[in-house]
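Step one of this worksheet: look at the structure below.
The values are calculated or read from the model by the stated rules, or taken from the named source; none is laboratory data. Keep in mind that this is a model prediction, so the values were computed, not measured. Heads up, the Cβs are rebuilt from the backbone with ideal geometry, glycines too, and the neighbour counts pull from every protein chain shown.
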Amino acid sequence: MRKLAAVGVTIIIASGVLTAAPATAAPVTNGVTCTKSGASTTANGRKYKCSKNPLSTSTKLTWLSNDCLLSANGYLKAKNSSAAISANYTAQIPVIDLGIANEITNKAEIQVKLDESNIRLTAAQAKLAAAKSDADKKILTTAVGSWTSAVRAYTSKINTITATIRKLEASKAVAASKPLELASSIADSKSTALLICTKGL
């Protein structure tokens, strides 16, 4: 009986000790519930703030590291501005297409003039080679010089237009690719934010 009594006392004492022991608070990490919005603390060398998670639709207050909040808010800011930026690039494409079409038309018109000038130049050169009198040679020499200048001028214009078309085509390629690049960048930003805001970190 004494042994049983002793065991009973031990159990009662142990039970009392277990009951009286205070509950241990969960260590502060991302996702741990907090109560005062805006409160801040430091744990394991990292700074945390009591806030709603910007990456979640939940209104629950939890501790979030400053790195988490910075990354999450940066992602949301980029996401919110991306629609306008993408729309701006998309709107540029028809304008660039119109510019390209105009330059192609101009190039075709000047090409006609260049071809005509080359024909006139060839004819003038042939006449000059066959000319006998000094007067004819003088007139034809002037004509050859004039048509040569015209050919050079039209060739220069065509080269300039060709370069302009290439620049416009390059701009169009950029305008077409930027929205996709932006979407990819935002997706990467979100992935990074989610990683930094991982619960328990």
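The set of residues from the range 150-189 being within 30 Å of GLY45 (Cβ to Cβ) and either in contact with a His (Cβ under 8 Å, 6 or more places away or on another chain) or surrounded by fewer than 17 Cβ atoms within 10 Å (Cβ to Cβ) (or both) comprises just one member, ASP188. With respect to the conditions (1) surrounded by fewer than 16 Cβ atoms within 10 Å (Cβ to Cβ); (2) in contact with a Phe, Trp or Tyr (Cβ under 8 Å, 6 or more places away or on another chain), LEU70 falls short on a single one, namely (2). With respect to the conditions (1) loosely packed, with under 15 Cβ neighbours inside 10 Å; (2) part of a helix (DSSP H, G or I), THR41 lacks only one, and its number is (2). Scanning the range 175-198 for residues being in a helix (DSSP H, G or I), more than 18 Å from SER81 (Cα to Cα) and of a type outside the set (Ser, Thr, Tyr) gives a total of 3.
Scan the range 97-112 and tell me whether some residue there is modelled with pLDDT of 95 or more, within 30 Å of ARG152 (Cα to Cα), crowded, with 16+ Cβ neighbours inside 10 Å and touching an Asp or Glu at 6+ places or on another chain (Cβ under 8 Å). So far as the range 97-112 goes, yes, one or more of its residues are modelled with pLDDT of 95 or more, within 30 Å of ARG152 (Cα to Cα), crowded, with 16+ Cβ neighbours inside 10 Å and touching an Asp or Glu at 6+ places or on another chain (Cβ under 8 Å).
Looking across the range 63-93, the residues that are part of a strand (DSSP E or B) and either within 30 Å of LEU182 (Cβ to Cβ) or modelled with pLDDT under 95 (or both) come down to LEU64, SER65. The single condition among (1) surrounded by 17 or more Cβ atoms within 10 Å (Cβ to Cβ); (2) among the hydroxyl-bearing types (Ser, Thr, Tyr); (3) within 21 Å of the chain's Cα centre (by Cα) that SER65 does not satisfy is (3).
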